[in-house]
Amino acid sequence: MRLLPQFISTILKKQSFLVLSMLFFASFGMAQTVKIAGDAQYKIGNWKAAAAKYEAHLAKTEDTDAQFKLGKCYAALGQNDRAEAAFSKVVFDPESDPAAKMELGKILRAKGNYPKAITWFLKYAEVGPDSLIAYDWARACKNAMRLRLDSLGYKVNRIKGLNTVASDISPALYKNGIAFASSRKRGFFFQFVNKKNKKGFYDMYFSARSPDGQMAKPTRIQGKLNTRYNDGPAIFSKSDNQVWITRSNLGGLKRPKDANGLNKVNIYHAENQLGKWVNGKAVPISTVNFNIAHPAITNDGKTLVFSSDKPGGFGGFDLYISHLEGGKWSRPENLGKTVNTEYNEGYPYFSSEHNFWFASDRIDGFGGKDIYHGIWENGNCTSVWNAGYPLNSAADDFGICFMENAATGYFSTNRAGGEGDDDIMQFRRFKAVYATLEDAKTGLPIENARVEVMDINQKVHYYKTDEKGRFKHAIRVGKDIFLKIFKDDYHDISQSVPIRGLGDDEDLHTTIKMEPIRRFMVTTKVKSNRKPVGNATVRIIGERESRGFTNAEGLYEQELEPQTAYRIVVFKEGFVPEIRNITTGEEGKTQVFDLDINLHKGQFRYLEGRTMDSEREVILGNVKVRVLNQGGTHEKENFVLGEDGMFYKVLPGNQSYTCLLYTSPSPRDLSTSRMP
């Protein structure tokens, strides 16, 4: 009987364990269901909905994969603090995906914390499958730190009363002010909302600019320029009567979608007639299968540049070009690798005939999107520069436009300290010297040269040339600058650069040639009877042969390789050739060989050849050569060949000779040759 309570207690414990187990598995199953729902939203890029599901899932259980995807969601939403927190919970788990270290580095870079970002990129390089890309990102952070030291190019200011807590982006010149895209509420009571990111759709707004530069309170542009869905960014013709605008594909309440059921954006063109925007139609290059956005138009209205994720590009979004020919837009062509990268390029803009601007999130920027400046020549962009700090920051900087004088303008950014999501800021740009440093001999760019630029106030600014040999110096004061350039193995440069003729909207583009230090040189000075001999042939024979001709002063010079034996053969028709032997020293030393060659006229016999073992077909080096008179009774000369078996010899031409060749020290006769 005493066993009964224990038996009943055991049954109750088992029942309790069963109930707890059922509750655990039910809770686990519900958590997994929430994660599956989050994964579904993550797959289609619905970051906000996916993040909410992952947060709910992680509140009930630990899940490294969900934590990693949560970080990716917040990164896509631009919520870098939350993204950093999410990735930081993953990177210390030894079983986690190494990619979390890379993603944490990218977030820290986007926040401007370059030293810490470098740390995590290098940690990824230790364990990740693609260490090379991690080293590239680390180098990019070091480059951003270097670029940030130069803040002369721009001065930026915030604008009162223009921005809201919503996203305000991509200003464009319009009438007496700027038009821009904004996701602010359209009215007091309601707002159309994008189901995917829960944000308002973009509309086009206008803000007038007063003579003193103050911006008026923005108003929504009336008429058919704005629709129910996304409208903007846009670009207006110089006369303000035409507009090219990024817009969601239209089609009533049932909008056209791609094969995955997603609605894309395209470029629409409209005209202003009697104060109303009419004839809003998709530009014929548009499609429902991929995005076409961010139009830029040249002043003549005949060249359109835009951003698209169409297949066949270099990366995510590339920039494309189309020309208006016979009233029709030509088939778009990719702008090429000078502009496009494996990342994303967008928001193009022409500030003048030869100045082109765009935004890119490529690896060599400050973080996020950066604004880049390109030179536009012959219908394409020929060179590209990062516009620099403080126009660019670690955040997203994009959508630039210039006022008519091209010295001031506007751009959009989501850097810290703004009103909300994205803000429009004002800037002033200062003219600049864009210089490319090249090797004077090869024409190749010189990387990592040290550059010192002194302005009119005797202030020195320091730069290093990039991998393309380039540096940029913005000019805020003065009419001239003085620069010094230093690079190992090159002669220093000290020169002034005049900039007096430049206007406020002009830059100076120049190429500077740097002379290499010639460590090993031979200079031949050829004379005859104390007079220079021009057009004499100079053969310089080392591991390979080169030849040239003396100038009118009888001079010829050439650079030599270190640790190499050379034979210098100088000849000219009617003169007896001269032969000299020289050997250069070790790498790092400097040697200059000045050879005074005196040619005289006369008869001669010239011997040149190589000794070979005819049976084994191998070169015979160190062969001894004896030159005897015709009868072989008197020795005229003897010499030992080098290991290469080559011989060069000049003998008097008024007699005959017998040559004996044999290996040293063996007296065995290898060959006997008679010279009549």
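The values are calculated or read from the model by the stated rules, or taken from the named source; none is laboratory data. All figures in this text were calculated on a predicted structure; none of them were measured in a lab. Don't worry about glycine lacking a Cβ; one is built from the backbone with ideal geometry, like all the others, and counts go over all protein chains shown. Each accessible area value is taken on the protein alone, full model and side chains, heavy atoms only, with ligands, DNA and RNA left out. Shrake-Rupley method; radii C 1.70, N 1.55, O 1.52, S 1.80 Å.
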Sequence-separation-based contact order of region 409-548, relative, with Cα cut under 8 Å and 6+ spacing, percent: 21 percent
Using a Förster distance of 30 Å, how high is the FRET efficiency between residue 459 and residue 416, based on the Cβ-Cβ distance and rounded to 0.05? 0.55
What size of dipole, in debye to the nearest 20, comes out for the chain about its Cα centre when the only charges are +1 on Lys and Arg C-beta atoms and -1 on Asp and Glu C-beta atoms? 2220 debye
Could you point to the residue in 219, 173, 115 farthest towards the positive end of the chain's charge dipole, with +1 and -1 charges on the Cβ of Lys/Arg and Asp/Glu respectively? 219
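List the longest stretch of the chain that has no exposed loop site; here a site is one of the chymotrypsin sites (Phe, Trp or Tyr not before Pro) assigned by DSSP to anything other than H, G, I, E or B, with at most 11 other Cβ within 10 Å.
By the stated rule (loop sites, at most 11 other Cβ atoms within 10 Å), 191-676.
Can you name the helices of the chain, as whole DSSP H runs, whose Cα span along the helix axis is 30 Å or more and whose Kyte-Doolittle mean is not below -1.0? Don't skip to the answer; put the middle values down first.
Numbers: long enough: 3-43 (59 Å, 0.69).
Length and hydropathy pass: 3-43.
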About the Cα centre of region 327-470, what is the dipole size in debye to 20, counting +1 per Lys and Arg Cβ and -1 per Asp and Glu Cβ, all else neutral? 380 debye
Using the structure shown, select from 106/160; 111/369; 464/487; 142/441; 337/487 the pairs with a Cα to Cα distance greater than 20 angstrom. 106/160; 142/441; 337/487
Out of 32, 282, 156, whose Cα points farthest toward the positive end of the dipole of the chain (charges: +1 Lys, Arg; -1 Asp, Glu; placed on Cβ)? 32
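Enumerate by residue number the GluC sites (Glu not before Pro) in region 510-585 meeting two conditions: DSSP loop (anything except H, G, I, E, B), and at most 12 other Cβ atoms within 10 Å of the site's Cβ.
543, 553, 573
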With an 8 Å cut-off on Cα pairs and a minimum separation of 6 or more residues, tell me the relative contact order of the chain in percent. 7 percent
For region 491-514 versus region 334-379, the gap between their alpha-carbon centres in whole angstrom: 24 Å
Those trypsin sites (Lys or Arg not before Pro) from region 496-590 that are DSSP loop and have at most 12 other Cβ neighbours within 10 Å turn out to be 500, 530, 544, 589
At a 1.4 Å probe radius, carbon and sulfur cover how many percent of the accessible area of the chain? 51 percent
Residues in region 515-529 reached by a label modelled at residue 590 [backbone nitrogen below 18 Å; 7 Å Cα→Cβ]: 515-523
Kirkwood Rh (inverse of mean 1/r, distinct Cα pairs), the chain, angstrom: 31.7 Å
Residue farthest toward the positive end of the dipole of the chain, with Cβ of Lys/Arg at +1 and Asp/Glu at -1: which of 576, 426, 313? 426
Given a 1.4 angstrom probe, what's the average accessible area per residue across region 498-558, in square angstrom? 60 Å²
Output the antiparallel fraction of DSSP beta bridges having both residues in the chain, as a percent to the nearest 5. 90 percent
